[in-house]
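The values are calculated or read from the model by the stated rules, or taken from the named source; none is laboratory data. It should be emphasised that the depicted structure is a prediction, and the values quoted were computed from it without experimental measurement. Reconstructed Cβ throughout: ideal geometry from the backbone, glycine too, with neighbour counts over all protein chains shown. The protein model used for the area step is the full one, side chains on, heavy atoms only, and it has no ligands, DNA or RNA in it. Shrake-Rupley method; radii C 1.70, N 1.55, O 1.52, S 1.80 Å.
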Number of protein chains: 2
Amino acid sequence: MTENSPITYDQSVVLGTETPLALDSGASLSNINMAYCTYGTLNEDKSNAILVCHALTGDQYAASRQPVTGKSGWWDLMIGPGKILDTSKYFIVCSNVLGGCMGTTGPKDNNPETGTPFGLDFPIITIADMVRAQAMLQDYLGIESWFSVIGGSMGGMQVLQWASAYPERVFSAIPIACAARHSAQNIAFHEVGRQAVMADPNWQGGDYYSRETKPTAGLAVARMAAHVTYLSEAALHRKFGRNLQDRDNLTYGFDADFQVESYLRYQGINFVDRFDANSYLYITRAMDYFDLAQDHGGSLAKAFDGTKTRFCVVSFSSDWLFPTAENRDVVHALIAAAANVSFVEVETDKGHDAFLLDTPELFKTVQGFLKSSAKSRGLDE
Amino acid sequence: MTENSPITYDQSVVLGTETPLALDSGASLSNINMAYCTYGTLNEDKSNAILVCHALTGDQYAASRQPVTGKSGWWDLMIGPGKILDTSKYFIVCSNVLGGCMGTTGPKDNNPETGTPFGLDFPIITIADMVRAQAMLQDYLGIESWFSVIGGSMGGMQVLQWASAYPERVFSAIPIACAARHSAQNIAFHEVGRQAVMADPNWQGGDYYSRETKPTAGLAVARMAAHVTYLSEAALHRKFGRNLQDRDNLTYGFDADFQVESYLRYQGINFVDRFDANSYLYITRAMDYFDLAQDHGGSLAKAFDGTKTRFCVVSFSSDWLFPTAENRDVVHALIAAAANVSFVEVETDKGHDAFLLDTPELFKTVQGFLKSSAKSRGLDE
């Protein structure tokens, strides 16, 4: 967001005070704190609201300064006046996911039953649970139907879940770089990350909140392992190759001789300041459990049966975490469900992370789709 | 090896007693213990010897029972009477690499200067250093020229280094699933593994040998992260998909619900019994440092200038750790150096690990190449 952007709200609301949220696990949560930001102004008939869903390590600060890092929002390139998600036209909502650690109820918050942090007593949550909580927020905001729901990676999973669970509440949907289920390889990488956290003696079975030390070393390793998967070999080669870090020759030691090592260590160290290790466990687990076809008797098309939502599916050619083939499976299911769907594979060597980066073809695709959707919705241009 | 196989020797020799081994780092090592196994019988003119080079976590027990795990050798499918590396024709030598932990001098051995284990005082070693030590073993065995040098992954790097550094000592060379330099992505994965080890408080800066606890948790995480890269997404999908482990439903917890999680945990736990964490650091570093072109003024072709060695390069179509393109770079350099080279990309969905598995097209390729090489060498068929 630029300095002249519309008013930005950093808000929170307590949801599920009367009716608790029933989770997939069978557990329930009441008095859920839901932290969210909004950008732009909701129009009179509340038809211009766009829900932005964040990824695994994202947060509600999609287009405003992240309070811990002081950095600009993770989708600042995308959201703002005159930008793709144009805050002079649309009312953008982005909430921290259930199980998160930036204000929405998660494992680091107090368990009302004990008065101490949940830790591993927090119930396992699913993508569907995250979306249920967002639907409660939608009710609270009095928005009958989102003009659009958009997100990349785990954000894209939420988009698919939204369109499947609440078709009448989603006018258009833009799932980016995601899949309708988490692959064995992706579960494997998540498990490596969880084991790295759990191997840290400071994790203490998840009960570290009252202690001085946190499982930062394990969480940093988890982040490093994950970060490699967000990039492509081509991107790593272009950015770093075998270039040395601030030196002319190999040191014949275990210092970060190579730029790529230095970069990864930086990613790990910076992450632990802004993220809770238990949230990392819970959110990765939610992604692992995601399998939209399984929830519909094995048929992904059934998940979208009779949908009137307009879809725009976007994949990246060099994304090996959520390869184009898996995005295409979603498109095929949507076509089988007779949905209105367009699909673009963006040619880029930036890997999975392309959805967060300056990727003009992504911007153009989303912009064009929103424009035609706005016309259908009767939104003033 | 079958029970009727030729005598198998599990031997060791102390090398560098008179002239220490000068390492790339500038350090030197004397009185190097070199542990090796041999299979088959050396012929009279010592022309039938094949050097098998092992990968990162391999050892000299290529075709005999691994003493720690009790399992059969890692290339038991390949080596034995009547097998591809036929011990009734050839004399197979496989030595534990310098820096290893199965008998050859490495960080867990005593530093003669202090009388206590080297730990991180062990000098950084390179692929070239490993090969120099193997050349000392070759001298000791009185073998002027290997009939063939063969290996996959890091073993393949050693093959390339052998052919480049000692062309006159290598009649034929079979580098499998490797590259002439370690890519940025591969360095990144190695760095994740090293950071996992170093994050374990039991690592103690590498000085854990006299303690009761070892950095097993960190090493297990490193192994798990690496193991994912050895397989292909297709292989993981075929083997595990999203199948659950000994249960019918998700448990909504952090147990290993999915078979792939259970498999990975098993890989991690089993590895730490047979491998030294510091050796893992040193050997991954050696791979990171490998860059054969860099050692020859940036020209890979120069690394093989004037070579008379016959080459057979093998890659696997689903190997994303050492993709076919990187193997092909080696082939192009060999062609530019006017070498005698054949190249096969084996179609398989098994990923990098295919070199260790029952991969008939690999076997056929190596068998055919060895047969024609034996004819050239004048070895009796």
Of all residues making up segment A:162-177, the number that are assigned to a helix (DSSP H, G or I) and open to solvent by 10 Å² or more (accessible area, probe 1.4 Å):
5
Selection status of A:ALA135, surrounded by fewer than 24 Cβ atoms within 10 Å (Cβ to Cβ) and small (Gly, Ala, Ser)
yes
Considering only segment A:305-314, I want to know if a residue exists there that is assigned to a helix (DSSP H, G or I) and surrounded by fewer than 24 Cβ atoms within 10 Å (Cβ to Cβ).
no
Only one residue in B:LEU231, B:LEU219 is buried (at least 24 other Cβ atoms within 10 Å of the Cβ), more than 9 Å from chain A (Cβ to nearest Cβ), under 18 Å from A:GLY193 (Cα atoms) and not β-branched (Val, Ile, Thr), so which one is that?
B:LEU219
Subset tally (residues that are over 18 Å from B:GLN195 (Cα atoms) and either open to solvent by 40 Å² or more (accessible area, probe 1.4 Å) or assigned to a helix (DSSP H, G or I) (or both)) for segment A:199-216
9
It is to be established whether one or more residues within segment A:320-338 are assigned by TED's automatic domain parsing to the domain that holds A:LEU120, among the small types (Gly, Ala, Ser) and out of contact with any helix residue (DSSP H, G or I) (no Cβ under 6 Å at 6 or more places or on another chain).
yes
So is B:ASN278 in contact (Cβ under 8 Å) with a residue 12 or more places away in the chain and open to solvent by 50 Å² or more (accessible area, probe 1.4 Å) or not?
no
Looking at B:TYR263, is it outside the structural domain of B:GLY368 (by TED's automatic domain parsing), open to solvent by 10 Å² or more (accessible area, probe 1.4 Å) and in a helix (DSSP H, G or I)?
yes
Test result for B:ALA179, under 19 Å from the mean Cα position of the chain (by Cα) and within 27 Å of B:GLU44 (Cα to Cα):
no
Would you call A:ALA196 of a type in the set (A, V, I, L, M), closer than 23 Å to B:ARG242 by Cα and more than 20 Å from the chain's Cα centre (by Cα)?
yes
Those residues of segment B:281-299 that are open to solvent by 10 Å² or more (accessible area, probe 1.4 Å), acidic (Asp, Glu) and within 10 Å of another protein chain (Cβ to nearest Cβ) come to a total of 1
Among (1) more than 18 Å from the chain's Cα centre (by Cα); (2) under 28 Å from A:LYS239 (Cβ atoms); (3) not acidic (Asp, Glu), the one test that B:PHE189 misses
(1)
Could you tell me how many of the residues in segment A:238-264 are more than 7 Å from chain B (Cβ to nearest Cβ) and touching a residue at least 40 places away in the same chain (Cβ under 8 Å)?
1
